[in-house]
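Taken together, the values in this text are just the output of simple stated rules run on the coordinates, not laboratory data. Since the structure is predicted, the reported quantities are computational estimates derived from the model, not experimental observations.
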Amino acid sequence: AIQQQEEECATILLENGADVNVQDPNGGTPLHYAICTNNTSVVAKLLLHNANIEAQNK
């Protein structure tokens, strides 16, 4: 949802326990994608749901 910039969908997923630290095959996380798209409101929501700020991608 975050890769597609679907904020409402991402919010619903977060509210229902989605894994905020899931990684794609390259190690990218929802937080990485939200930052790359400059989506500050989603970044804030991910951080409130304990997104790992130390996750590294390849």
Based on DSSP H runs of at least 4 residues, each adding -39500 (n - 2.57), what is the mean residue ellipticity at 222 nm of the chain after dividing by all its residues, to the nearest 500 deg cm²/dmol? -12000 deg cm²/dmol
Can you tell me the Rg and the Dmax, both Å, for the Cα atoms in the chain? 10.2, 29
Length-normalised contact order for the chain - Cα pairs under 8 Å, 6+ apart - percent: 37
